[in-house]
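Quick notes on the structure that follows.
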Amino acid sequence: MGGLSGSLNIVLGSLLTDQGAIETTSNNIANVNTPGYSRQRPDLEETPPIQIGGLNFGTGVELKQVVSLRDSILDLRVNQETQQQGRLEGFLGSAQQIQSFFNETTGTGLQANLTAFFNSLSQLSTSPSDLNVRQSVLTAAQNLSTSFNQAATNLSRLQTSVNLNVTQSVSQINTLTAQIATANAQVSAAQSANRNPGPFVDQRQQLLNQLSNLVDISEINAGNGNLTITTSNGAPLVVGGQSFQLSTQTDASTGLQDIISQGTNITSQITGGQLAGQLQIRDQEIPAIQNSLDTLAFNLSSAVNTQHKLGFDLNGNAGGNLFTPLASATGAASQISVAITDPSLVAASADGTPGNNANANALLGLQNQAIASGQNPLNFYGNLVFKIGNDVSTAQAGQTAGSQVLSQLQNLQGGVSNVDLNEESANLIRFQNAYQASARVVSVINSLLETTINMVR
């Protein structure tokens, strides 16, 4: 492949190669601020030489491919850390609301009214015949009941809200998996046609980041550019160009939404992403707090009623129930209420005489008795508030630490994939100079061809 024609073909290949490299570099510069964009590298390769006789003759250069620079291990680690950050985010959003329900410094908890109830009994023990003091006992009891009712209502409403968030998260997951399936097909088609799949890979990776923030996922390289995406426990989400949608179904026993994959309930198997945090709040945190409140409300009202019935009211009659009797602890916090409205019916006396305060003292003594899980009422409630605060604090610490890890991983990822304007500018000058040099060679060859043609005329 000698002569001027052969040389011209070699230079033409060089022009096309340099033009492709310039376009790739210009595209990098144009997308320097595009989120999720991975810089592209033109891979230049010597074309196969030809052998004539015992000699090898070069045939020039070609643009073999344009490669998007990514680190698949870093991409995977970013997705994994995003899953954990999403879980903490989903948990904290509601956990902090729960904490606000029991913020004793602003008076939204039970402690003030619980303390006020026993303080009213203390006043009763010093003035057992005073109707105003007796009314204070009923008022304090009513305020305490209202605090229990309000806390139970707040928790129930929050659980309903989180349940709606679960449904919305599942809908968002389905939207993302459908888009990932489309991107999967585009990557595969580009690779099969020997085209650069980079833009589609970038799009798919961004979608995977968003999906990781919602739910725990596992990625399997299925070949030809395809990824198979499942939950960490194997429920299929994307296979090739097909997505598998999750659905929600009402649990008849709880009224809450279960998550269904291909007919199987996978609610308890979700371990990452915002969905896992929402499920943790809905199915574990709120029920545990509700159970503790119910236990305290039931045991306290039962203990007070038992002791109250051992005494006598201002009229000398046997005492009745101070609180409306509860059948069981289930739902006790939402059901507790005061059974009497007449202050003369408060049973302060132990022997039926109006000035006796023995039963009032016995009622007051309940504040130091282990009536709820081996603890007195104030300690039991204090431990509940401490646990709520500790859960929030632990999640916040995990979120802070995880955020730092995620930031480090993203910086490493950026070191591989981000566009460096200085480097790209240098590459652009290099490829432009190469293009201009090839153009000059074309000009020289053209001049030689004209000279040759003129010589044979």
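Observations on the structure shown:
- Phi-based couplings in Hz for the range 205-221 (Karplus 6.51, -1.76, 1.60; Gly and Pro marked x): 5, 5, 5, 5, 4, 5, 5, 4, 5, 9, 8, 6, 9, 10, 10, 10, 6
- Cα-Cα P(r), the range 379-457, percent of pairs per 5 Å interval: 3, 11, 7, 8, 7, 7, 7, 6, 6, 5, 5, 4, 4, 4, 3, 3, 2, 2, 2, 1, 1, 1, 0
- Diffusion coefficient, µm² s⁻¹, Stokes-Einstein with Kirkwood Rh over alpha-carbon pairs of the chain at 37 °C and 0.692 mPa s: 116
- Note on the range 327-366: along the principal axes its Cα atoms extend 37, 23, 14 Å, ordered by decreasing extent.
- Once the Cα atoms are used to define both axes, helix 377-417 deviates from the longest principal axis of the chain by about 0 degrees.
- Paramagnetic label reach from residue 32 (point 7 Å along Cα→Cβ; backbone nitrogen cut-off under 11 Å): within the range 395-427, residues 419-426.
- Across the range 54-61, coupling constants 3J(HN,Hα) worked out from phi with the 6.51/-1.76/1.60 Karplus curve, θ = phi - 60°, read x, 10, 9, 10, x, 10, x, 10 Hz, and Gly and Pro carry x.
- Full-stretch length increase - residue 416, residue 318 - with 0.36 nm per residue and alpha-carbon distance subtracted: 27.0 nm
- Inter-probe distance in nm under a simple model that places probes 7 Å from Cα toward Cβ, at residue 50 and residue 253: 8.0
- Ranked 451, 228, 254, criterion: other C-beta atoms within 10 Å, fewest first: 451, 254, 228
- Under 5 Å from the amide H of residue 248 lie the amide H atoms of 260, each residue being 5 or more positions distant or on a separate chain, with H modelled from the backbone and absent for Pro and chain starts.
Read-outs: derived from the displayed coordinates by stated rules, not from any lab. Quick caveat: nothing in here was measured; it's all calculated off a predicted structure. Every residue, glycine among them, receives a Cβ derived from its backbone with ideal geometry; neighbour counts consider all protein chains shown.
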